[in-house]
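Structure first, commentary second.
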Amino acid sequence: MSRIAAKVLMDSKKIPLKFKGSLYGALLGDCTGAPYEGDKLQEGDKTTLKRYFDKLEGPMFKSPKKSYTDDTAQTKCVLKCLITNKGIEQKFLATEFVKEYFTDPNRGYGRGTVAVLTKLRQTKAVDPLRPAQESFGGNGSHGNGAAMRITPVALFCYNKSEKLKDMVVQCSLVTHANALSVNGAILQALAVQYCVNREPEEFKNDDLLDYLTEEIKQLEEAVDEFGLKSEKVYGKKLDDIRTLLKKENPSIDDLMNKLGNSPAAVNSVPTALYCFLRAHGQPFKGIDSSNPMRRTLEYAITLGGDTDTIASMAGSICGALYGEEVISENILAHCEGFEEIKSMAGELYNASQ
Ligand code: AR6
Ligand code: MG
């Protein structure tokens, strides 16, 4: 973590803009990716997606709001927790997740998370971690549900990197007790936090990958209470990302074989990171927008599968690097919940000081 602390942004006025950029990127990826969830897109669909984004960005286009899903619903709960408590209070968070879900259940929640939230409600969250520990026969969920809502924690810790991993673990365990899910959330949070603290001009893909590889190595080599090391799955995925980035135009099959696009954290968190790394720098085949956020989201959605969550996580990293100016107000105006996220982004920044 020391490298983050040592290399702070020269212009700290940019930090609040990066808070907004990251939260807006997460919201936008969720809202624009959701209609494509579960699809398997073909090469030609890139043109359709480009038109879809062009339309949303155009000033004259009036459409109904694009609804957000459980990604944003739970991100709002984490925001509220951090703004209210200046930290992760697990019972508070469990109660917010339950309130949110039972007020508005049709947001595409995973079945494991629904079961956990139901038990939390029944038990009044007296033991806010137990239902998650008991889920999936005591294995805990390995889904990406912990990573999809982690942006506020990464941002809150931008200036206290030594607290990041512990806070991510605390936030994750309320619903996701499996190490694969928690480590996925840590990977996503580290990527966001790294980008908040970097100027886009100084950012290099390899530097971020080296940093994440080092951090993940420590995590995957640590022993648990049974004296066991976790499988080195994320280390291997980071190697695969490096290999794929060296190829000019890897096929979807190649990407799916190595990275995947399912709701399992290990098959979606590295995929989102890859999408950002592939797309942010410059236009490429079929993804020709001049805007790094658009390229990142369009590319993430073309990979199909868990599109809303993969686009949301990729968008969060991209927005953390480039800040809010990389996202047009027109497109944000189509996103359900934008005004609320906007004001919470400011409150989160204040809470983090
Ligand atoms: N054993 C078997 N299957 C599992 C296990 C396990 N230990 N853990 C997860 N699964 P869940 P999430 C499978 O329900 O992580 C939504 O679209 C199982 O099929 O905990 O909160 C969100 O937007 C389970 O239903 O949900 C996210 O994009 C699925 O993984 C995504 O789903 C997801 O785990 C994950 O949300
Ligand atoms: Mg999702």
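The values are calculated or read from the model by the stated rules, or taken from the named source; none is laboratory data. Keep in mind that what you see is a predicted model, and the values were worked out from it rather than measured. Quick reminder, even Gly has a Cβ in these numbers, built from the backbone with ideal geometry, and neighbours come from all protein chains shown.
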query: Which pairs do you get when a residue that is farther than 20 Å from C31 by Cα, found in segment 105-119, comes within reach of a residue that is assigned to a helix (DSSP H, G or I) and within 13 Å of ligand 2 (Cβ to nearest atom), reach meaning Cβ atoms under 6 angstrom, with the pair 6+ apart or on two chains?
result: none
Residues satisfying the stated conditions in segment 1-54, i.e. at pLDDT 90 or above, aliphatic (A, V, I, L, M) and touching a Gly at 6+ places or on another chain (Cβ under 6 Å): L17, A26, L28
task: Could you tell me which residue of segment 106-152 is nearest to the chain's Cα centre (by Cα), considering only residues that are more than 7 Å from ligand 1 (Cβ to nearest atom), outside any loop (DSSP other than H, G, I, E, B) and surrounded by 22 or more Cβ atoms within 10 Å (Cβ to Cβ)?
output: T151
- prompt: Do we have any residue at all in segment 67-81 that's within 21 Å of P152 (Cα to Cα), surrounded by fewer than 20 Cβ atoms within 10 Å (Cβ to Cβ), modelled with pLDDT of 95 or more and away from ligand 2 (no atom under 16 Å from the Cβ)?
  reply: yes
- line: Output for Cβ contacts, cut-off 7 Å, separation at least six or different chains, first residue without any contact (Cβ under 8 Å) to a residue 12 or more places away in the chain in segment 53-79, second assigned to a loop (DSSP other than H, G, I, E, B), reads K55/F61
query: Can you spot a residue in segment 32-47 that is closer than 30 Å to R198 by Cα and without any contact (Cβ under 8 Å) to a residue 24 or more places away in the chain?
result: no
message: Yes or no: segment 110-126 includes at least one residue that is within 16 Å of ligand 2 (Cβ to nearest atom) and of a type in the set (G, A, S).
response: yes
task: Return yes when K163 is among the basic types (K, R) and within 21 Å of S22 (Cβ to Cβ) and no when it is not.
output: yes
Selected residue [within 19 Å of the chain's Cα centre (by Cα), within 16 Å of ligand 2 (Cβ to nearest atom) and more than 30 Å from V98 (Cβ to Cβ)] from G235, G184, G260: G260
- prompt: Which residue out of Y101, Y68 is part of a loop (DSSP other than H, G, I, E, B) and among the hydroxyl-bearing types (S, T, Y)?
  reply: Y68
